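We did not get these values from a lab; they are worked out from the coordinates using the rules stated. In this text the structure is predicted, and so the values were computed from the model without any measurement. For neighbour counting, all protein chains shown are included, and Cβ atoms are generated from backbone atoms with ideal geometry for every residue, glycine included.
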Amino acid sequence: MNKILVWDWPVRLGHWLMVGGFTLAWLTGDSETFRLVHVIAGATVLGVATFRLPWGFIGSRYARFVDFVRGPVAVKDYVLSLLRLQPAHHVGHNPAGGWAIVLLLGLGILTGLAGWAIYNDLGGHWLEEAHEALAATMLTVVIIHVAGVVSGSVLHGENLVRAMVNGRKAGTPDEAIRSARPFVATILLAWVAVAGWWIAS
């Protein structure tokens with residue numbers, strides 16, 4: 001199979017913005033000095049996650065939820081094939097990875113909204129506890145997701161991290177997307193910038 005274009009620019013850019021935003025938010029979570037940095041980092045995650053929801057319905061082929069959200073049987077079969085060290089190849093997200101994406105988006109939105117409420121002195125101590133619990137749960141999903149990416153890269157002989165940089169994975173020409181949608185990526189950047197300004201102001 002050839003290397004074909006699979007991931008559009010909004011998916012790739014959103015992915016790395018969430019990686020950077022979540023990492024920075026986690027590292028600054030207990031710091032009063034860097035509280036504004038924490039808020040902007042969290043706003044970045046929230047901005048990307050809320051943008052990704054509609055893009056999951058109207059985006060390019062492999063960005064759409066219908067392409068990678070599968071039922072429990074498909075997830076179980078994929079995990080078992082992974083444990084047998086013979087995972088089935090998927091051009092887009094595999095069934096287990098697909099649910100990790102859904103969880104990360106949902107947790108990113110809930111954690112970000114809770115953080116926004118706390119920043120605006122709403123909700124009290126219970127919301128702070130919920131915010132921390134959501135962030136910890138998100139970190140757990142991130143760790144599982146990274147483990148899946150590493151194991152998938154090794155077993156498929158395909159660098160999945162590089163694929164999320166250049167957008168290319170193994171596949172046949174008819175499976176490739178037609179455009180990387182660079183203009184939509186600029187809309188994503190603008191959306192994240194507005195989210196950061198609105199939440200931090």
Exercise for review: Using only the Cα atoms of region 49-201, build the gyration tensor, take square roots of its eigenvalues as a ≥ b ≥ c, and label the shape rounded, prolate or oblate: rounded if a/c is under 1.5, else prolate if a/b is larger than b/c, else oblate.
Suggested key: oblate
**Study point:** FRET efficiency estimate (nearest 0.05) - Cβ-Cβ, residue 30 to residue 178, R0 45 angstrom
**Key:** 0.45
Check your understanding: Of the chain, which part is the longest with no trypsin sites (Lys or Arg not before Pro) in a loop (DSSP not H, G, I, E, B) and with at most 11 other C-beta atoms within 10 angstrom?
Key -> 85-177
**Study point:** CD proxy at 222 nm, helix term only [per DSSP H run n ≥ 4: -39500 (n - 2.57); per residue of the chain; nearest 500]
**Key:** -24000 deg cm²/dmol
Check your understanding: Taking the alpha-carbon centroid of each part, what is the distance from region 73-96 to region 111-148 in angstrom?
Key -> 29
Point to revise | Spin-label pair residue 102/residue 132, simplified geometry with 7 Å Cα→Cβ offset, distance in nm | key: 3.1
Point to revise | the chain - percent relative contact order, Cα under 8 Å, separation 6 or more | key: 40
Practice item. Could you tally the net charge around residue 131, taking each other residue with its Cβ under 15 Å from the Cβ of residue 131, Lys/Arg +1 and Asp/Glu -1? Key: -4
Revision key, fill the gap. Summing +1 per Lys or Arg and -1 per Asp or Glu among the other residues with Cβ less than 15 Å from residue 13's Cβ gives +2
Point to revise | Between 0 and 90°, nearest 10: helix 9-27 axis offset from the chain longest Cα axis | key: 40
Exercise for review: Along Cα→Cβ, 7 Å out, is where each label goes; now give me the distance between the ones at residue 120 and residue 161 in nm to one decimal.
Suggested key: 3.8
Practice item. Go through region 111-125 residue by residue and turn each phi into a ³J(HN,Hα) via Karplus (6.51, -1.76, 1.60, θ = phi - 60°); whole Hz please, and just put x for glycine and proline. Key: 5, x, 5, 5, x, 4, 5, 5, 4, 9, 6, 10, x, x, 5
Revision key, fill the gap. Per residue, the convex hull enclosing the Cα atoms of region 93-134 spans a volume in Å³ of 50
